[in-house]
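The next block holds one structure in the form of structure tokens; read it before the comments.
A short reminder: the numbers here are calculations on the coordinates, not readings from a lab. Because the structure is a prediction, the values reported are computed rather than measured. Cβ placement follows ideal geometry from the backbone for every residue including glycine, while neighbour counts extend to all protein chains displayed.
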2 protein chains.
Amino acid sequence: MSPAAPRTSNEAIVAAARLLLESGGTEAVTMQAVALQVGVRAPSLYKRFADRATLMTALADDIAADLAEAVAPAPDVRDPREAVRAMAARYRTFARRAPQSYQLLFATAGVAPSPGPNSLASADVLHLAGALAGPDDALEAARTLVAFAHGFVSMELAGAFRLGGDVDAAFDYGLETLIRGLHTHAS
Amino acid sequence: MSPAAPRTSNEAIVAAARLLLESGGTEAVTMQAVALQVGVRAPSLYKRFADRATLMTALADDIAADLAEAVAPAPDVRDPREAVRAMAARYRTFARRAPQSYQLLFATAGVAPSPGPNSLASADVLHLAGALAGPDDALEAARTLVAFAHGFVSMELAGAFRLGGDVDAAFDYGLETLIRGLHTHAS
DNA sequence: ACCTGAACACCGTTCAAGT
DNA sequence: ACCTGAACACCGTTCAAGT
């Protein structure tokens, strides 16, 4: 017989890691747990990933790609304000549906640096921000929008909003405040 | 002789943990490392803290208190916009000086829930936000300001701003956009 | 060429035994 | 009343040995 064909794949490993992450947090994604999930022993994982940190980076990349896809705007971008609202809503929905995955994206501690949260403030957001605030301010406006969106959902996931009130309404309020401020400045 | 007087204290332990945190990140604050730092063995720590998670919570509380103090506004709050600028600047300065400490405040994973990032959006911010956006919108305006500030420094610390540009200017730009938006809405 | 058991270093935690 | 060494379970990682 031919000597040993692969019994798993990088994709299966990352998928298993992601499942463990969402159900049990970062500390649940153990080399042993991941290995067993894909039907293999822990040492075998080191054939495909140098160490746990590398696996976690691959996991973060996988999540980042899904977030980018989930947030991508619909083709019909008539009103930039409407497009920003739609993107922000999708962004927040993603974070709330997969809180552990979302948080991993911003856990600097030895994980991030591949595509990272960077690709977020990329093309689409930049374009919309430019349409809203004027092309000269596109980068700064995009960073402002992303900072607000990330900050809000990050605090929301961390349970930082404990003074009651309508959290959904606060998100809308903040977004409208920004849109208003950006638009006012442009005109 | 009297049988065994304390050789350390909760305060000394938390202080040691904080030093280890800032110099080596969360994973460096090990029960053994903390213990040795205060001149004791790891098992002794369990006399004062139920487990590592409890110690980390105490550490987060300690940091939160310092952040609140560092951000507290000067007595002369003439112009609320000026006061917001000053608080935002102090907030960002704290985060940049002690990035690991700051990030621990928002690491939900089994740490946070004591005073948490909550006390931030508390009294002072609420008051200023009300002065800026009108008392009816105080809570939502405060959440918007804090979300932006946290989101921005969080992304900054995570190295998410890789498209170049002036990061300081982007922070100012975002803050002014918010102030403008809040003020426009109030009037 | 891939997989595994065994081993090592390290960590959190418990506990009986010391003073 | 506090401290400690020893022990346990668990984790990441390496590696010689299997097929």
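For the reader, a short list of remarks on this structure follows.
- Cα gyration tensor shape of the protein assembly as shown, rounded if a/c is under 1.5, else prolate or oblate by comparing a/b with b/c: oblate
- Distances, shortest first, from the label point of B:R90 to those at the same position in the other copies read 4.1 nm; the point lies 7 Å along Cα to C-beta.
- Order of A:T144, A:T26 - criterion: other Cβ atoms within 10 Å of each residue's Cβ, fewest first: A:T26, A:T144
- Average other protein chain Cβ within 10 Å of Cβ, residues A:131-144: 4
- Farthest toward positive dipole pole in the stretch B:56-186 [+1 Lys/Arg, -1 Asp/Glu at C-beta], among B:A98, B:H127, B:M155: B:M155
- Remark: relative contact order (the stretch B:10-49) = 35 percent; criterion is Cα-Cα distance under 8 angstrom and separation of 6 or more residues.
- Label-point gap, in nm, between A:S44 and A:V77 - each point 7 angstrom along Cα→Cβ: 4.5
- Label point 7 Å beyond Cα along the C-beta direction, distances from B:A186 to other copies (nm, shortest first): 2.6
- The stretch A:53-106-the stretch A:26-46 distance, computed between alpha-carbon centres (Å): 27
- Length available on full extension from A:T30 to A:S9: 0.36 nm per residue minus the Cα-Cα distance, which gives 5.9 nm.
- Label-point spacing for B:A50 across the identical copies (point 7 Å from Cα in the Cβ direction), in nm and ascending order: 4.0.
- Distribution of pairwise C-alpha distances over the stretch B:56-186, 5 Å bins, in %: 2, 10, 21, 22, 20, 14, 9, 2, 0
- Computed helical MRE - 222 nm, chain A, DSSP H runs ≥ 4 contributing -39500 (n - 2.57), nearest 500: -21000 deg cm²/dmol
- Look at the alpha carbon pairs under 8 Å that are at least 6 residues apart: their mean separation over the length of chain A gives a relative contact order of 17 percent.
- Computed E for B:R97/B:A169 - FRET, C-beta separation, R0 25 angstrom, nearest 0.05: 0.80
- Total charge dipole magnitude, chain B, about the Cα centre, Cβ charges on Lys, Arg, Asp, Glu only, Debye to nearest 20: 680
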